Amino acid sequence: MNQFVMIAVVGLAHAANSFWSCSAFADEPPALTTTAAPEIVINVKSFGAAGDGVTLDTEAVQAAIDSCHASGGGIVRVPAGEFPIGTIILKSNVNLSLDHGATLLGSINKEDYPTEGLDDPREGGPHCLIYAKDARNIEISGLGVIDGRGTPENFPRNRSGGRNRGMRPRLLRMVNCENVTFSGVTYKRPAFWGLHLIDCRNLKFSAVTIRFRNNNFNNDGLDIDGCEDVLIENCDIDSGDDAICLKSSKHPCRNIVVRDCRVSSNTAPLKFGTSSRGGFINVKVTNCYFYDSPMGAIKLQLVDGGQLENIDISRIVMEDAGCPIFIRLGNRGNTFGDRNAAGVGTLKNVRIRDVVAKVVIEDRDKKLRAAYKNLKPDDTPGITDAEKSKSGPIMITGIPGHYVENIVLENVRISFPGHGTQEDSTRSVPEDVDRYPEQYFFGVLPSWGAYIRHARNIVFENVELSVRNSDARERLHLDDVEGFVEVK
């Protein structure tokens, strides 16, 4: 390496990495500061819960929660059995604990999901199975199951007719809560989003299991909106839509740690956005396995203003994934009810390292398992453009006049499927400045390894990109890029 190139590499690496030495970013959020509650245990059956799978037990479960809260706090025990419920409201200092063999079953009747006393969220409707607002020191724990029974037969998306006429409740929604712990419980079959936390502080998800795949539309796993000091660890997530999804419809997501998780998704195992008005600051994701994710794996999106910065993603293994890394700064400009437009945000200081990935074409037969979509078998010969666009290269892009900055990829090894044609190599890529951001919306890109546009200070260090089949496109495509350095 000649002296000039060495100086450029050192300078760019310093520009892209200097924030790590001066940032307040911590490896972990602060420990939860829960106030010890009296160790009382209240069995929901003592308030008349039947647990027979037929009797609606909403009133009994809610009465047990209310009594526990009024007594200063403790454990509300759900013993083995099936307990159909409508909306219940958790309250401060209450641990809703499910025994092994205990299942809370979401009611399949819309009348059991009242909205009186529930706030109106910034996204979607207010209906939910479990709700909390302005509560402190709450927990959902144990070895049981919370099953929303939110199938298309029970909660169809179509508003024009059918059972419940398009009303689809979330499985859980918590607003402005503090010191919240989720441990051990398995969550299944929401009608809409799964676990939605809004403007909360000090959250911990430990050994949570999520099974939402191929159930209904919009079955996100964890939606963390505008929350601070969050730890997600040892979780096993298989979601229909975005799995671990950070949102910021108003406030930034800040000080987030994700580690030691197995994650699968029809859409994305890890996603920032699309709601991104507040931004994402100080996020660390490490030692995770992302698999069976045909629409992509890591998606960092900032399209509604705000700041996305100080992001550290490391020790990631991807198998059977679509587009592996998608970093996008755009200007959709959703205000989420705020009259003041935010303008274009800033996306900078992102490090992604120690990644091993295999990108594949989506399996057509597996795609049909999402029966609720009523998809038809695709007998088109060869690889379609739609399939190629979902299994495309790394994409890092801003918009004209607004760069993504200081992006470092280090110790990355990715295998791509190939199949690009000479025609693909000359494709014009739309800017789509204000569009909902998904990589495949840009179509087949003119490179098979990485496509970088409207970017500044991009470093590829020990990045090994390979292709398994012939591909007529170039390995890298750079457009309006200032300061790209590749170090072998």
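The table below lists the values:
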{"quantity": "Ratio Rg/Rh [Cα only; Rh per Kirkwood] for segment 189-308", "calculated": "0.93"}
{"quantity": "The chain - share of DSSP beta bridges that are antiparallel (%, nearest 5)", "calculated": "0 percent"}
{"quantity": "Sites matching trypsin sites (Lys or Arg not before Pro) across segment 106-166 that sit in DSSP coil, with at most 15 neighbouring C-beta atoms within 10 Å", "calculated": "Arg157, Arg159"}
{"quantity": "Note, ³J(HN,Hα) from phi for segment 80-95, Karplus 6.51, -1.76, 1.60, rounded to Hz, x at Gly and Pro", "calculated": "4, x, 10, 10, x, 9, x, 4, 10, 10, 7, 10, 4, 6, 10, 10"}
{"quantity": "Once exposed loop GluC sites (Glu not before Pro) are cut out (DSSP; at most 10 other Cβ, 10 Å), longest piece of the chain", "calculated": "117-488"}
{"quantity": "Förster radius 45 Å - calculated FRET efficiency between Ser67 and Met167 (Cβ-Cβ, nearest 0.05)", "calculated": "0.90"}
{"quantity": "Rounded to whole Hz, the Karplus (6.51, -1.76, 1.60) HN-Hα couplings of segment 170-185, x for glycine and proline", "calculated": "5, 6, 8, 9, 10, 10, 6, 9, 9, 6, 10, 10, 10, 9, x, 6"}
{"quantity": "Beta bridges per DSSP with both ends in segment 311-446, % antiparallel, nearest 5", "calculated": "5 percent"}
{"quantity": "Rounded Å value of the spacing that divides the Cα centres of segment 202-241 and segment 39-87", "calculated": "25 Å"}
{"quantity": "Extension gain from His100 to Asp354, taking 0.36 nm per residue of separation minus the Cα-Cα distance", "calculated": "87.7 nm"}
{"quantity": "Sequence-distant residues sharing a close amide H with Ser314 (under 5 Å, placed H)", "calculated": "Val285, Thr286, Asn287, Arg353"}
{"quantity": "Nearest 10 degrees, 0 to 90: helix 3-22 Cα axis against the chain principal axis", "calculated": "20 degrees"}
{"quantity": "Ala207/Asp385 FRET efficiency (R0 45 Å; Cβ-Cβ; nearest 0.05)", "calculated": "0.60"}
{"quantity": "At R0 = 22 Å, FRET efficiency that the Cβ-Cβ distance of Asp119 and Thr335 yields, to 0.05", "calculated": "0.75"}
{"quantity": "Cα-based Kirkwood hydrodynamic radius, segment 308-387, one decimal, Å", "calculated": "16.8 Å"}
{"quantity": "Shape parameters for segment 110-243, alpha-carbon atoms, Rg then Dmax in Å", "calculated": "14.2, 42"}
{"quantity": "The chain - Kirkwood radius from inverse mean 1/r over Cα pairs (Å)", "calculated": "23.4 Å"}
{"quantity": "Magnitude of the charge dipole, the chain, Cβ model with Lys/Arg +1 and Asp/Glu -1, debye to 20", "calculated": "420 debye"}
{"quantity": "In sequence order, calculated HN-Hα J values of segment 428-437 (Karplus, 6.51, -1.76, 1.60; Hz; x Gly/Pro)", "calculated": "8, 9, x, 6, 6, 4, 10, 8, 3, x"}
{"quantity": "For Ser275, residues with placed amide H under 5 Å, excluding near neighbours", "calculated": "Ser248"}
{"quantity": "Zone residues, segment 452-467, relative to Val487, backbone N less than 15 Å from point 7 Å out along Cα-to-Cβ", "calculated": "457-464"}
{"quantity": "Prolate/oblate/rounded label for segment 336-488 (Cα gyration tensor, a/c 1.5)", "calculated": "oblate"}
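Laboratory data are not the source of any read-out in this text; all were calculated from the coordinates shown. Small disclaimer: the values here were computed from a predicted structure and weren't measured. Glycine also receives a Cβ, built like all others from the backbone with ideal geometry; neighbour counts cover every protein chain displayed.
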